[in-house]
Amino acid sequence: MENYLFKSERLGFRNWTAHDKIKMGRINADPKVMEYFPTSISQKQTDAFIDRMKTQFSENGYCYFAVEKLKTKEFIGFIGIAKQTFESDFTPCVDIGWRLAKTEWGKGFATEGAKKCLEYAFDKIGLQNIKSICPKVNEKSEKVMKKIGMKKIKNFNHPLLSKCTDLEECVLYEIEK
């Protein structure tokens, strides 16, 4: 049974279910997927993340959405928008982000899904401005930001990454409706 909020050509976007927790936990445990994060994320942290996303969805109508391939109904990770409130001169803000299973990299899913999430954010939710953030060394994510039409605003030191000198310098991109 489909519970998609919206679809792109190849992807379905939905709220999270309990069934996603183990699968997302596997993605979060992959060192390659988590290369640009201070550490991998435990199953307990993954469960808490999914619970936070479900809360954001119920409060705002959006979150980092669970994503499935339409053809196979296979869960492949998340793409979506979420509130960011860490201490900076541009927060609070709504951020677009993605994290997909390594087996799904290089297929254009992040770009396709992010474009559809922007459309949803602007046309259905009525948001006017969306940001995106990643460590400067994460060139793949920055490339997706450019492909979806975002513009670079600046480099900044992320306060939550101050103990990770190789990840602390981040890029900030944004797009307006």
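Structure data summary
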| item | result |
| --- | --- |
| Lone unmet requirement of (1) assigned to a loop (DSSP other than H, G, I, E, B); (2) at negative phi; (3) not hydroxyl-bearing (Ser, Thr, Tyr) for Glu112 | (1) |
| Within the range 36-55, tally of residues that are within 16 Å of the chain's Cα centre (by Cα) and in contact (Cβ under 8 Å) with a residue 40 or more places away in the chain | 2 |
| Flag if Lys146 is open to solvent by 80 Å² or more (accessible area, probe 1.4 Å) and touching a strand residue (DSSP E or B) at 6+ places or on another chain (Cβ under 6 Å) | no |
| Condition broken by Tyr62, with the remaining ones in (1) open to solvent by less than 40 Å² (accessible area, probe 1.4 Å); (2) within 21 Å of Gly108 (Cβ to Cβ); (3) not basic (Lys, Arg) satisfied | (2) |
| Members of the range 74-85 that are surrounded by fewer than 14 Cβ atoms within 10 Å (Cβ to Cβ) and modelled with pLDDT under 95 | Thr85 |
| Verdict on Lys131 being open to solvent by 20 Å² or more (accessible area, probe 1.4 Å) and either touching a residue at least 40 places away in the same chain (Cβ under 8 Å) or in contact with a strand residue (DSSP E or B) (Cβ under 6 Å, 6 or more places away or on another chain) (or both) | yes |
| Out of Val33, Val94, sole residue that is β-branched (Val, Ile, Thr), within 27 Å of Lys154 (Cβ to Cβ) and free of Cβ contacts under 8 Å to residues at least 40 places away in the same chain | Val94 |
| Only listed residue being open to solvent by less than 20 Å² (accessible area, probe 1.4 Å) and either of a type in the set (Lys, Arg) or out of contact with any Leu (no Cβ under 9 Å at 6 or more places or on another chain) (or both), chosen from Asp89, Asp95, Asp123, Asp166 | Asp95 |
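The values are calculated or read from the model by the stated rules, or taken from the named source; none is laboratory data. What you see is a predicted model, and the numbers here were worked out from it, not measured in a lab. No Cβ is skipped: glycine too gets one built from the backbone with ideal geometry, and neighbour counts run over all protein chains shown. Side chains included, ligands, DNA and RNA excluded: accessible areas come from the protein's heavy atoms. Shrake-Rupley method; radii C 1.70, N 1.55, O 1.52, S 1.80 Å.
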